[in-house]
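The values are calculated or read from the model by the stated rules, or taken from the named source; none is laboratory data. Note that the coordinates shown come from a computational prediction; the quantities given were computed from them, not determined experimentally. For neighbour counting, all protein chains shown are included, and Cβ atoms are generated from backbone atoms with ideal geometry for every residue, glycine included.
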Amino acid sequence: MTRPTKLAAAAAIFLATFATQPASGYLADLTLPAAGGCPVLERWDISAAQPLNRRWSTSLPLAPVTILTVAAQNSAAQLTEIENTIAAAFAAWSGVSGTTFNATNYPGVIGPLTRVSAANVCSNDSESNIDGLNTICFNQSSAAFTTGVLAVTRVITANAPGASVGSAPPAAFAGQILDADTLFRNDGQATFATPGALSTTQGQGAYDLESLLTHELGHWFGLDHSAVWRAVMFPYAPPPGQFLGTRPSANAPDGQLSDDDRTGIRMLYPDPNDAVNVGAIRGQVLPANPFALATLPQPYPGASVTGIFGAHVVAVDAATGSVIAGTFGGWSCNSSNPSAMPQFDGSFDVERLPVGHNYWIYAEPLVGLAQPGDFTGALGNVCPSNSATPCTTPAVDTNFNPRALPDGP
Ligand SMILES: [Zn+2]
C-alpha cells in the first residue's frame, strides 16, 4: 500500500527581500522562492510564539467504522484513546534531542492539542479552505484517496516573506510552512487501529494508527519521504498489524523513529546548543565515465549535467553498521546570490551526523521499492520558478551501478 504523497501549494506572491538559506538536496521538501534563485527548505518559523498550533476533529466515520479502539465506539474514552495516539506521534518528533522542537529543552514550541467537533475542517481538495490551522481529520473525503493511499498530508508554504493564509501570521521567509493538515481514508477501504486495538481480534487487518500518524507528522515538519527502508518516512506503510520501531516510552518517546528520521529533523531545526550532532560529509556523485552524461538535455542554456542527479547517498556508522542518514546527490547552489541558478553537479551534503564516529558513504540508484516519484518534494522541481532563463529539472538518473571500492590504500 502506498503512503500518501504531499500536495504543496505556494501561497500568494509577495516581494522577497533577502537571500535564501543554503540548500542542497536533502530529504526535505523544497520551495522555489517567488523572487527566483535557489530552492529553500520548507520549515516552521520556530522564532514565533507557539509556531505550531495543532488540533484534531473528533468527528469519526461510524458507517463503516475505520478507527478501531479498545474503548467503545462513539464514547468519550474512544476519543481519549485516539488523542493519546496523536499525542504519542507528536512526542516522537518532539522527543528527538538536538532540535528546537525538543519538548524538554524548548517547551511550548508546539501548542496544545485541541479538539474541534465538526467534520471537513481540513484543507479541502480545491484548497479554498486553507485556514492556517493545523488539523488531523478522520471523517473527511478527498479525491487524493486513490487506490492504496491510506492518508494524505497537505502542507502549504509561503514562496515569499509576507505571504499568509487564514489565521496564520504572515511568513517571515520563503519556504515557511503556514498550514499542515492530515486526512485519513474514511471510505472503508482501510481500517486503522490504536496501539491497544491493533493486537485484538477486531484489529486484524488494520493499519497501525500510531505509525501512520508519525509518518504524516514528519510531513508537517517539512520532511519529504526517505529512501531508507527502516525510516518512518519511507513511502510505504508497515503491513497491517505491524508497527515500526518500538512503542514510545517515558525514556524513549521517539522510539518509533529511525536515526535517519532523527537526522532529518535535526537538519531542519538544529539546536544551537547541540554539540553532538554537528558533523557533515559533503561530496559529489560522479560517473566513472563522464561521457555517460554527455547526451542528457541541458537544464537551461549554457548549463550541463555534470554529476548524477538523484542518487541515494547513505551514511553508515562504521562501528555499528547502522544507517544514520540518507540524502540525495544532485545539485548545488550559491545561496548568497538570489538570482543564482542551480548547478546539477551531483553534490550531496549529509549534515547533523554525530561527531566522534567513522562513517561509510555509499550511493545507490533509486530503483528499489522507493521510486523517484516518491520524492517529488525534494527532487521534483529544483529549477527557479520565475527565472528569465527557462530551467528544467533533470530526470532522476538511475542509470548507474554502485561499486564498492576495495578497503585500504
Ligand atoms: Zn508520506
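Applying the selection to segment 172-192, what residues are touching a strand residue (DSSP E or B) at 6+ places or on another chain (Cβ under 9 Å), surrounded by fewer than 23 Cβ atoms within 10 Å (Cβ to Cβ) and more than 18 Å from Glu216 (Cα to Cα)? Within segment 172-192, Phe173, Gly188 meet the criteria. The residue list Leu178, Leu183 contains one member that is within 15 Å of the ligand (Cβ to nearest atom), closer than 30 Å to Phe328 by Cβ and either part of a helix (DSSP H, G or I) or hydrophobic (A, V, I, L, M, F, W, C) (or both), which is Leu183. Somewhere in segment 375-383, is a residue polar (S, T, N, Q), in a loop (DSSP other than H, G, I, E, B), out of contact with any strand residue (DSSP E or B) (no Cβ under 8 Å at 6 or more places or on another chain) and within 30 Å of Gly302 (Cα to Cα)? The answer is no, given that none of the residues of segment 375-383 is polar (S, T, N, Q), in a loop (DSSP other than H, G, I, E, B), out of contact with any strand residue (DSSP E or B) (no Cβ under 8 Å at 6 or more places or on another chain) and within 30 Å of Gly302 (Cα to Cα).
Of everything listed in (1) at pLDDT below 95; (2) polar (S, T, N, Q); (3) buried (at least 24 other Cβ atoms within 10 Å of the Cβ), the single unmet condition for Gln202 is (3).
Applying the condition of being of a type in the set (Gly, Ala, Ser) and at pLDDT below 90 to segment 337-384 and asking which residue is surrounded by the fewest Cβ atoms within 10 Å (Cβ to Cβ) yields Gly368.
Taking (1) of a type outside the set (D, E, K, R); (2) in a helix (DSSP H, G or I); (3) surrounded by 14 or more Cβ atoms within 10 Å (Cβ to Cβ); (4) more than 13 Å from the ligand (Cβ to nearest atom) in turn, Phe291 satisfies each apart from (3). Within segment 233-277, take every residue that is in contact (Cβ under 8 Å) with a residue 60 or more places away in the chain, within 16 Å of the ligand (Cβ to nearest atom) and in a loop (DSSP other than H, G, I, E, B) and give me the one that is nearest to Ala88 (Cα to Cα). So, considering only residues that are in contact (Cβ under 8 Å) with a residue 60 or more places away in the chain, within 16 Å of the ligand (Cβ to nearest atom) and in a loop (DSSP other than H, G, I, E, B), the one nearest to Ala88 (Cα to Cα) is Gln256. Summed over segment 205-232, the residues that are in a loop (DSSP other than H, G, I, E, B) and either surrounded by 20 or more Cβ atoms within 10 Å (Cβ to Cβ) or of a type outside the set (Lys, Arg) (or both) give a count of 11. Is at least one residue of segment 319-328 in contact with a Cys (Cβ under 8 Å, 6 or more places away or on another chain) and within 15 Å of Thr393 (Cβ to Cβ)? Scanning segment 319-328 turns up no residue that is in contact with a Cys (Cβ under 8 Å, 6 or more places away or on another chain) and within 15 Å of Thr393 (Cβ to Cβ).
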